[in-house]
Structures are given as structure tokens and as C-alpha cells.
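Report on one structure; see the data block that follows.
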Amino acid sequence: MKKRIVYIIIGILLIAGVIFFLSSVLKKDPLIVDISDINLKVEVERFDKEFENILYGDSYKKIQDITMEYQDFFDIYNKHIIGIGSVNNASYLVYLNTFFNDYSVVEASKEVDKVFSDMRSINEDLTYSFRHIKYYYPEFEVPRIVSFIAGFNQSIVTMDGFIGIGLDKYFGEECSLYEMLDIPQYTRFEMTPEQITVDLVTALAKDRYTYEPESENLLNAMIYNGKILYFLDAIMPEFKEARKNKYTQDQLDFCYYYEKEMWTNLIENKLLFSSDYFTIRKFTENAPYTTQFGINSPPRAANWLGLQIVRSYMKHNNGVSLLDLMEDNNYQRILNLSQYSPK
């Protein structure tokens with residue numbers, strides 16, 4: 001009798017274990033994929049350091065070398081990022097000297113030396129993200145990633161074959177230079193080294209999948225931005241959710257707690273199909289908070305709601321791949337098929 005009871009207990013435990021295992025498998029995040037076979041390593045090329053050295057020694061020889069090394073990026077950098085014109089201009093070295101002696105550039109260069117003396121963590125984040133990009137897009141050619149200083153006027157620059165990172169836009173929210181420049185706190189919060197990879201992948205996504213709605217309204221904008229955030233989920237699935245949304249944990253908690261109220265607010269005030277430019281900006285662009293949802297809300301709260309719609313859409317439409325989603329610009333259809341209904 002005792003043996004029978006023991007066998008029954010063991011059987012129950014085995015069944016429970018199988019059920020637990022199966023439920024774990026079934027609940028596995030579909031965005032956690034195996035990238036172990038993707039042999040790829042990404043490192044930021046320190047263009048900023050090579051550019052600084054032009055004025056020392058044989059400047060003309062160094063200009064020739066850096067032109068050969070960085071090709072179109074060097075031309076774009078001179079003409080459009082720092083605005084000193086072509087290297088073929090007879091006054092190029094004069095303009096270059098003026099640029100290097102600008103107070104903001106001098107101070108930015110000092111800060112770069114302090115903050116970015118070690119790029120290993122950034123290189124690791126970029127390698128992790130680009131391995132995921134190659135998983136979904138095997139044909140994707142990884143561009144050269146170069147760092148630069150631009151006097152605080154550029155963050156991420158994308159062009160054929162290159163992605164540029166303006167290091168002077170990522171010194172950290174406590175940087176005194178940002179205070180001197182009167183950059184508001186809610187903007188400085190996003191200007192940290194940890195956000196470089198998030199901003200870079202976002203720029204790649206927006207460059208590949210441009211916003212081209214059939215009509216301009218809040219719903220289209222929020223679902224488009226929700227798709228971009230979902231793309232971040234796929235490319236950097238193990239990054240913290242608050243980081244990918246550029247939120248504090250408290251701001252993210254606010255969204256989850258008041259999700260239903262925010263969605264209801266948009267519907268009851270007939271805002272989803274508003275085509276007013278300023279209304280759309282108020283809900284989707286950076287600010288201290290989303291005014292419609294109160295001073296304790298985070299900025300861009302409608303984009304976060306767009307992400308929840310996209311997540312629900314992907315959950316209820318199993319045959320849709322990441323590529324299918326990103327290429328689908330029928331935002332109303334995505335909403336209809338999402339079965340989105342926050343509790």
C-alpha cells in the first residue's frame with residue numbers, strides 16, 4: 001500500500017514536472033533567438049581621434065590619408081556635420097583650425113577623453129545587436145561605425161556604408177557642459193553612453209522603414225513608433241525595457257499601471273484620428289511629460305501604447321514575421337487585428 005502511494009506521488013510529481021516544462025516552453029519569449037552561430041564582432045572606429053591629429057605634423061599628408069581611409073564619410077563630415085566645406089577648398093586648414101579652437105569643441109574633446117577612454121561595453125552592445133540584425137536579415141551588410149565630435153549638433157548619422165556616432169551627445173545627464181548649453185533635464189536624461197546602441201538601432205530602423213502613412217493622424221504615428229520600439233525588442237531582447245523606451249523605471253511603471261486609462265482617454269477625447277500636427281507631436285515627441293496624461297506621465301506615452309498594440313498584434317497573428325510587420329504600413333489594419341484591449 002505504501003509503495004503504491006509512493007508511486008502515485010512520484011507519478012504526480014513527474015506529470016507536474018512535464019506540465020511545468022511544457023508551459024515554460026510555450027511561454028518562451030519568441031524574440032529570444034539563438035545567435036550563437038553568428039560570427040560577428042563590431043568595434044567603433046575612432047575617427048574623432050584621427051581627425052584631431054590632422055593639425056599635427058604633415059597636415060596635407062594626413063588629409064590625404066584620412067580621405068582614403070574614410071571616403072564618403074569624411075566628405076559628409078566636413079560639408080554637412082561640422083560645415084567647414086570641402087578639403088579641396090584653399091582655406092580648408094584655416095576653417096579646420098577655427099573648428100578645433102572653438103570653445104565647445106575644445107571642451108567636448110576633453111570630455112570625450114574622460115567618458116570614452118574605454119569603448120568595450122559599447123562595442124559589446126553593438127556586437128550583440130548586430131548579431132540579432134544578421135539573424136533576421138542575413139543579407140545585411142554591417143556598416144563601418146565611426147565616432148566623431150561635432151560641437152553638440154549631431155547624435156547618429158547614417159549613410160551608405162557608415163554610421164557615425166556623435167560622442168559629444170552622450171556624456172551623461174550630469175555633464176556640466178550640457179547645463180552650460182541650457183539643455184533641459186528631460187533631454188539630458190537620454191544623453192548617456194548606454195543609449196548609444198539604442199539610438200543607433202533606432203536610426204537604422206527608421207532609415208530602412210520610413211514613415212509613409214496614407215494619411216497623417218495620431219493613430220498612424222503611434223503604431224509606426226510602436227513598430228520601431230518592437231524592432232528594438234527584437235534586436236536587443238535582453239536590454240532593459242525602460243532603457244529601450246528611454247524611460248526611468250518609474251515612468252515605465254506608470255505606463256503599465258495607467259495603460260487602460262491612457263487608451264480610454266484617447267478614445268473618449270476622439271484623439272486617435274486627429275491630424276493636427278501639434279496634437280501628434282504632444283503625444284509622440286520628447287517633452288518633460290505627456291500633457292494629456294498629467295505631470296507624472298512619461299513623454300511619448302502614445303508611442304508606448306503603440307508598442308502594446310503591436311505586441312498584441314504579433315501575439316494574435318502567429319504567422320507574421322518581424323519583416324512582415326515592419327513592411328506593413330496599414331496601421332488601421334494592425335489595430336483591427338491586434339485585438340488590443342487593455343485591462
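Given points 7 Å out from each Cα along the Cα-Cβ axis, report the residue 40 to residue 91 separation in nanometres with one decimal.
4.5 nm
Sort the following peptides by mean Cβ neighbour count (other Cβ atoms within 10 Å, averaged over residues), highest first: 32-39, 196-203. Working shown, then result.
Working: 32-39: 10.4, 196-203: 22.1.
Put in order of decreasing packing, that is 196-203, 32-39.
Dividing the Cα radius of gyration by the Kirkwood radius, what Rg/Rh value follows for the stretch 161-226? If you can, show how the numbers build up before the last one.
Working: Rg = 15.2 Å, Rh = 14.0 Å.
So for the stretch 161-226, dividing Rg by the Kirkwood Rh gives 1.08.
Could you sort 110-122, 291-303 so that the peptide with the highest average Cβ count within 10 Å comes first and the rest follow in order?
Ranked by mean Cβ neighbours within 10 Å, highest first: 291-303, 110-122.
Looking only at Cα atoms, what is the convex hull volume of the stretch 184-291 per residue, in Å³?
Once divided by residue count, the hull of the stretch 184-291 is 115 Å³.
How fast does the chain diffuse by Stokes-Einstein, in µm²/s, taking the Kirkwood radius from C-alpha pairs at 20 °C and 1.002 mPa s?
On the way: Rh = 22.9 Å.
In µm²/s, the coefficient rounds to 93.
Quote the charge dipole size of the stretch 47-207 about the Cα centre in Debye, to the nearest 20; the model charges only the Cβ of Lys and Arg (+1) and of Asp and Glu (-1).
Numbers: 13 positive and 27 negative charges, 51 e Å.
With Lys and Arg at +1 and Asp and Glu at -1, about 240 debye.
For residue 145, which sequence-distant residues (separation of 5 or more, or a different chain) have an amide H within less than 5 Å of its own amide H, given hydrogens modelled in the peptide plane?
45, 163
With the convex hull built on the Cα atoms of the stretch 47-207, state its orientation-averaged projected area in nm².
Mean orientational projected area (the stretch 47-207, Cα hull): 10.0 nm².
How far, in nm, would the chain grow between residue 59 and residue 75 when pulled straight, counting 0.36 nm per residue and subtracting the alpha carbon separation?
4.1 nm
Please give me, ordered by residue number, the trypsin sites (Lys or Arg not before Pro) of the stretch 32-75 that lie in loop per DSSP and have at most 13 other Cβ atoms within 10 Å.
Listed in order of number, the matching sites are 41.
How much mean residue ellipticity at 222 nm does the chain get from its helices, if each DSSP H run of length 4 or more adds -39500 (n - 2.57) and you divide by all residues, to the nearest 500 deg cm²/dmol?
The helix-only estimate for the chain comes to -17000 deg cm²/dmol at 222 nm.
Laboratory data are not the source of any read-out in this text; all were calculated from the coordinates shown. What you are looking at is a predicted structure, and each value in this text was computed from that prediction instead of being measured. Positions of Cβ are generated from backbone atoms using ideal geometry, with glycine treated the same way; all protein chains shown enter the neighbour counts.
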